[in-house]
Each structure stands twice: as structure tokens, then as C-alpha cells.
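Each reported figure results from applying straightforward, stated rules to the coordinates on display, with no laboratory input. This one's a predicted model, so the numbers in the text were calculated from it and none came from an experiment. Here Cβ is always computed from backbone atoms with ideal geometry, including for glycine, and neighbour counts include all displayed protein chains.
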């Protein structure tokens, strides 16, 4: 998306082999924590993100705890089972995926948010994607994220929307 105007290096490409901590209680906080760690320890301008699934009937849970909703093992299957179990008695299955990207350039922070609204379906459907994709059907579609190929999903996804905002900012 950035074309040849920018060079993007991976964490491994800058010598960062450690797992970046996510100890904040918001997506914004985790995103900033990871970006600041890389900026402070490796001295490079960088961006980092955090993403969560927010389910209205569950007071926006799992939210920032989406990856470890069912425990520290970070099992997508366990997370989906727990979510479906908690929604059994709920009529409202509206949910949204939300991504926050933090960009640090010369110590100045900028944040970009992407949101996609949708519903949680009754059972996992589809084999593409990861995490909660088999349970999430975006608004205006009759397929889950896991039934879409990556190109289709990226056109409408929360992460794709946040990245487009980041790219627009960088091009200016």
C-alpha cells in the first residue's frame, strides 16, 4: 500500500527477537506500548497495532483481551467456544472488530483507528483468516470473514481501514 516511497522492516529485520508486551487495558495503550518499546530500544520510527473483537451484549468483551479470552494459551478454538457459550442467552449478537495503530515518528505519536461492524454467527463458518474470523459476519455481507479471501477481507476489514489511514497520513 505504501509503494516504493517507504521501506518497511520487520521486527526481525531490526534485530528485535523478543515478544512485545501487551499489558495495557486498552487497544490504544497496547498499540502505543509496543511502538514505544521498539522506538526506545531500537531507535527507529515505527508503527504497531492492537486489535480486539468487541461484542455489545458482553459490554464490549473480549476487547483488549481477545487473544487470551479463554486463557493464556491463546487458543482461537477455545476463545470462540467461550464466546459462543457466553452468547447463548443473548439476543443481541452485534459486534465490531476494532484496530488501533500507533505510529511514532521522531518521538511524536499518531494513532489511527479502523472499525468494522457486524454480527456473531451461531457457529464457526469458513476456513480462511484467523482468530474470530469464522464467527464474524460483517454488516452488509452474508459470509463470515473466514469465508472471504484475504483480498476481499482487507478491502473492508478493521485493520485494512486503519492501515489506509496510516498510509494517507504518511503520504502527506
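Which length gain, in nm to one decimal place, applies between residue 110 and residue 171 when the Cα-Cα distance is subtracted from 0.36 nm times their residue separation?
Working: separation 61, 0.36 × 61 = 21.96 nm, distance 1.41 nm.
Additional length available on full extension: 20.6 nm.
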Q: Find the centroid of the Cα atoms in the stretch 123-172 and in the stretch 1-75, then give the distance between the two in whole Å.
A: 17
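Normalised by the number of residues in the stretch 24-171, what is the relative contact order in percent for Cα pairs under 8 Å and 6+ residues apart? Can you show the working numbers first?
Numbers: 294 pairs, mean separation 30.0, N = 148.
Reported relative contact order: 20 percent.
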Q. What do the square roots of 5 times the Cα gyration tensor eigenvalues come to for the stretch 72-154, in whole Å, largest first, as semi-axes of the equivalent ellipsoid?
A. 26, 16, 14
**Q.** Reported label for calculated Cα extents along the principal axes in Å given (1) 143, 31, 21; (2) 49, 31, 25; (3) 59, 36, 27
**A.** (2)
Q | Sites residue 26 and residue 86 - FRET efficiency at Förster radius 25 Å, r taken between beta-carbons, to 0.05 | A | 0.75
Q) Counting each DSSP H run of 4 or more residues in the chain as -39500 (n - 2.57), what helix-only mean residue ellipticity at 222 nm follows after dividing by all residues, to the nearest 500 deg cm²/dmol? A) -9000 deg cm²/dmol
(Q) With angles folded into 0 to 90 degrees, how steeply does helix 27-42 sit against the dominant principal axis of the chain? Use alpha carbons for both and round to 10. (A) 30
Q: Would you mind calculating the gained length between residue 12 and residue 164 on full extension (0.36 nm times residue separation, minus the Cα-Cα distance), in nm to one decimal?
A: 52.3 nm
